[in-house]
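Heads up: the structure comes next, in structure tokens.
What follows is calculated from the coordinates using simple rules that are stated; it is not laboratory data. None of the values given here were measured: they were computed from a predicted structure. Reconstructed Cβ throughout: ideal geometry from the backbone, glycine too, with neighbour counts over all protein chains shown.
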Amino acid sequence: MRLDSSVSAIVTGAASGLGAAVARVLRAEGVRVAIFDLNPQAGAALAAEIGAHFQPVDVTSDESVAEGLAQTRARHGQERVLVNCAGIAPAARTAGRDRSTGEAKPFPMPLFEKTIAVNLIGTFRMIAQSAAGMLSLPALDNGERGVIVNTASIAAMDGQIGQAAYAASKGGIVGMTLPIARDLAAEGIRINTILPGIFNTPLMQAAPEPVRAALAASVPFPPRLGEPPEFAGLVCEILRNSYLNGETIRLDGAIRMAPR
């Protein structure tokens, strides 16, 4: 797919971090971009800065997603590109002891369910509703109607201690990528998933410098944190390369995460 002003794109979780980097690079290519996020201040500020449209959307709600898509399509037309970056990353052990009392406690199930609801079901909800809209688009010269890019995590493959919920949610995204590609192939819609490693996002920037340095040194090569524009660059390559479909791609400097 050629990236220019003829293309409309939606990026979820785009108010900060990897999603913001994707929104920036797509706008730099001339693409009409809509930012879907629950942070109205950051989302509106980024939209104003780069000339995008901000839409408050909760990916755990059918109604919110449908309304967000309707509002965005009224402004930008039907999207040909969807990039799913919305997600949360809570940490808790499957079972553990209270540090003050020593009492044994199981993983808090509401937290597990929320993680699955946002990361996995929210991603699928966006895919299903966006793809249904893409069916209305005329096919491009190569037969393509649209492209979807998901964000999983290397935790889907090597989840660490405390990441059972997060790894399960991201592993689900990996597991559904190929079946969705097969579902949508006859309609000319591609889907791929990126598994980012340790990236220099606002969350990581809040960590103490010794922690950041140790994490960077643990990456085989290059021995540093990934930068969000590198993630965005891979998104653009996936969008442009029409033979890339149904694939999951690690972007991690060859790191394989230890248990902790």
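Per-structure values
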| item | result |
| --- | --- |
| Highest-fluctuation residue, 103, 237, 187 considered, GNM on the chain with Cα pairs under 10 Å | 103 |
| Most mobile listed residue (108, 208, 223) in the chain, GNM with C-alpha springs under 10 Å | 208 |
| Proxy reagent accessibility, fewest Cβ within 10 Å first, across 4, 252 | 4, 252 |
| Per-pair calculated FRET efficiency, R0 = 22 Å: residue 117 and residue 187 via Cβ, rounded to 0.05 | 0.20 |
| Estimated [θ] at 222 nm from DSSP helical runs (n ≥ 4, -39500 (n - 2.57)) normalised by residues in the chain, nearest 500 | -12500 deg cm²/dmol |
| J(HN,Hα) series, the range 177-194, from Karplus relation 6.51 cos²θ - 1.76 cosθ + 1.60, nearest Hz, glycine and proline x | 4, 5, x, 5, 4, 6, 4, 9, 4, 5, 9, x, 10, 9, 8, 9, 10, 9 |
| Label selected from (1) 46, 42, 34; (2) 61, 39, 37; (3) 54, 37, 37, the criterion being Cα extents along the principal axes in Å as computed here | (2) |
| Square roots of 5 times each gyration tensor eigenvalue, C-alpha, the range 110-249, largest first, Å | 30, 19, 12 |
| J(HN,Hα) series, the range 245-253, from Karplus relation 6.51 cos²θ - 1.76 cosθ + 1.60, nearest Hz, glycine and proline x | 8, x, 10, 10, 10, 6, 10, 8, x |
| The range 8-251: antiparallel DSSP beta bridges as a percent of all, rounded to 5 | 10 |
| Per-residue ³J(HN,Hα) for the range 156-165, Karplus 6.51 cos²θ - 1.76 cosθ + 1.60, θ = phi - 60°, Hz, x for Gly and Pro | 4, 9, 10, x, 9, 4, x, 10, 4, 5 |
| Dipole of the chain, positive end: most advanced residue of 253, 228, 20 [Cβ charges, Cα centre] | 253 |
| Theoretical gain in end-to-end length, residue 249 to residue 50 [0.36 nm per residue, Cα-Cα removed] | 68.8 nm |
| Rounded Å value of the spacing that divides the Cα centres of the range 7-60 and the range 67-145 | 15 |
| For residue 10, distant residues with modelled amide H under 5 Å away | 34, 81, 82, 83 |
| Size of electric dipole in the chain: Cβ of Lys, Arg +1 and of Asp, Glu -1, about Cα centre, debye, nearest 20 | 440 |
| Cα-based radius of gyration of the range 159-235 once divided by 2.2 N^0.38 Å, which approximates compact folds | 1.39 |
| Per-pair calculated FRET efficiency, R0 = 30 Å: residue 62 and residue 205 via Cβ, rounded to 0.05 | 0.30 |
| Ellipsoid semi-axes in whole angstrom, largest first, where each is sqrt(5λ) of the Cα gyration tensor of the range 1-144 | 35, 17, 13 |
